[in-house]
1. Could you tell me which residue of region 52-81 is nearest to LEU27 (Cα to Cα), considering only residues that are in contact with a strand residue (DSSP E or B) (Cβ under 9 Å, 6 or more places away or on another chain) and assigned to a loop (DSSP other than H, G, I, E, B)?
2. Kindly list, by first and then second residue, each pair from a residue in region 18-41 that is part of a loop (DSSP other than H, G, I, E, B) and among the charged types (D, E, K, R) to a residue that is at pLDDT below 75 and open to solvent by less than 100 Å² (accessible area, probe 1.4 Å), limited to pairs with Cβ atoms under 8 Å and residues at least 6 apart or on different chains.
Amino acid sequence: SDDTVTGSVETAQILEKYLRYQYGARLDIYNRGLMVKDGDYRRLWQLGEQIFQNSDLQPETIVADITGGTKMMSIALAMACIPLGRQMQYMDRERDWEGNPLPAGEMKPIVIDINPMFYSAIKR
């Protein structure tokens, strides 16, 4: 479809190559056949939720990468990571003076752990 973002597919392929280089066979990447139309936030949240619920893996061993999405699409995937034990990460890299990622340079995974903040706020 015309409103399916193909740039995210290219970004995912680059990210997969980097992660394969970094972690090798210790890593399972679940991304085959997963297309979400740009702006379909509900579908992206549902897809993330489906992956966490249907996986044979424990939730704490799955990391949802929110790199490269629009703000709302990243938030939708982050919402699927709210339940206790789920993790997300962002691939960080150096940026220019306008805040845009530089085309070359090292990418570093930054794990975003919301469990201590979110669940301690609920218990009060």
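The values are calculated or read from the model by the stated rules, or taken from the named source; none is laboratory data. The shown structure was predicted, so the numbers you read here are calculated from the model rather than taken from an experiment. Counting neighbours? That spans all protein chains shown, and the Cβs are built from the backbone with ideal geometry, glycine included. Calculation scope for accessible area: heavy atoms of the full protein, side chains included, ligands and nucleic acids excluded. Shrake-Rupley method; radii C 1.70, N 1.55, O 1.52, S 1.80 Å.
1. In this case the residue turns out to be ILE62.
2. Sorted first by the residue in region 18-41, then by its partner, the pairs are ASP38/ASP3; ASP38/THR4; ASP38/VAL5; ASP38/THR70.
Matching residues to (1) at pLDDT 80 or above; (2) crowded, with 16+ Cβ neighbours inside 10 Å:
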residue	(1), (2)
LEU57	yes, no
GLY68	no, yes
PRO83	yes, no
MET91	yes, yes
LYS108	yes, no
